Amino acid sequence: MSFEDGASAHLALEHVTVRYHRRAAPALEDVTVEIAGGAHVAVVGPNGAGKSTLFKALVGLLPVAEGRLRVHGAPPGANKACAAYVPQREDVDWNFPVTVFDVVMMGRYGRLGWLKPAGRADREVVWRSLEQVGMASLARRAIGELSGGQQQRVFLARALAQQPHLLIMDEPFTGVDAGTQQAILDLLDELKQAGVTALISTHDLRLAASRFERVMLLNRRLIAYGAPDKVFTPVRLADAFGGQVLMLPDGAWVVDQCCPPPAHRVLEEA
C-alpha cells in the first residue's frame, strides 16, 4: 500500500473548544494536545465525552469555537484527501440505493473533485481496497443488504481508497463480529507500517491498552494523554468515568458509571 508523499499527519490542538450551537455548552472544552505523525491513538471516554465531536472537528465537519486545530499545519479540511473518516454505523443511512463499489469509489472524490470522472487507476484502487477487507466478491451488492460487520468493512475500504495520511474511526468495533474486529486490527497494523496516523475511539479498555501505543482519555476535557500504562490508572479512570474503578488481578478494569462525574482535572501528559 502506498500513501501520497509517504507523509504522516501531525495533529496539534491548542485550547480547542467545540460547540454544536453558538450558545450551547461546550461538547469539547479547552483541549490541548499534540499527536506525532504516524502515532496510533485509542480515544477513550464515557458516552457524551466528546469523542465523536473531536473527530468531526478534525475533519472539518464541526467548526472550532475557540482555540486552534491544525492537521499537517493547516486548518481541518484544507486537504480533503488527507484525512479519511469512518463514522459510527448509526450515523449512516443504509437505505440509500448505492452499491458497495460505489461507496468505496466515494473515497476517491477528494482527489478527483466532483466533476472529474474516475479513471482506470481510480477503479484499480477501489478494487484493491475491497480485496484488502475481503469484500471484492460483494462489490455489486447494495450496501443496505449487508450485515453490520460487512458494512463496517466497506467503509474501511472507502477510507483506504482515499490513501490518507490520517485515519479516524469512530467506534469501529461496536456491533461487529470477531472476524471483522480482527480484520480491522490487522489492517491497522498494516497502516502503522505505512506510517499512517490513526485515531480510533473505543469503549474496550483492554483493547485500547493492548493494541495502541497511545491513549487519549476524554470527558469533554482532556483527562490524560500518553502511554496506556500511564493513562489507565484508577484515579484517572475515575476522573473520566465518574464512578468507582476496580482493578482486577488479570489487569482488567471494571468501571461503574452510575455516579455523576467529579470536577475535571486536566493531567500532564503521561
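Taking other C-beta atoms within 10 angstrom as a stand-in for reagent exposure, Lys51, Lys230 fall in the order Lys230, Lys51, fewest first. Computed from backbone phi with θ = phi - 60° and the Karplus coefficients 6.51, -1.76 and 1.60, the 3J(HN,Hα) list for the stretch 17-24 is 10, 10, 10, 7, 9, 3, 9, 6 Hz; x is used for glycine and proline. Residues whose amide H falls under 5 Å from that of Ile223, counting only those 5 or more places apart or on a different chain, are Leu217, Leu218, with hydrogens built in the peptide plane. Coupling constants for the stretch 227-236 follow from the phi torsions by the Karplus curve (6.51 cos²θ - 1.76 cosθ + 1.60, θ = phi - 60°), and in residue order they are 5, x, 5, 8, 7, 7, 10, x, 5, 6 Hz; glycine and proline get x.
For the residue pairs Lys51/Lys116; Lys56/Lys192; Lys56/Lys230; Lys192/Lys230, alpha carbon separations beyond 24 Å are given by Lys51/Lys116; Lys56/Lys230.
If R0 equals 45 Å, the separation of the Cβ atoms of Glu14 and Ala142 corresponds to a calculated FRET efficiency of about 0.55. Anisotropy class assigned to the stretch 96-135 is oblate, per the alpha carbon gyration tensor with a/c at or over the 1.5 cut-off and a/b no larger than b/c. Residues Tyr20, Tyr85, ranked from the fewest to the most other C-beta atoms within 10 Å, line up as Tyr20, Tyr85.
Taking 0.36 nm per residue of separation and subtracting the current Cα-Cα distance, fully stretching the chain between Glu190 and Glu90 would add 33.3 nm.
Taking other C-beta atoms within 10 angstrom as a stand-in for reagent exposure, Leu167, Leu62 fall in the order Leu62, Leu167, fewest first. Residues whose amide H falls under 5 Å from that of Ala65, counting only those 5 or more places apart or on a different chain, are Thr17, Val18, Arg19, with hydrogens built in the peptide plane.
Every number in this text was worked out from the coordinates using simple rules, so none of it is lab data. It should be emphasised that the depicted structure is a prediction, and the values quoted were computed from it without experimental measurement. All Cβ positions, even for glycine, are placed from backbone atoms using ideal geometry, and neighbour counts span all protein chains on display.
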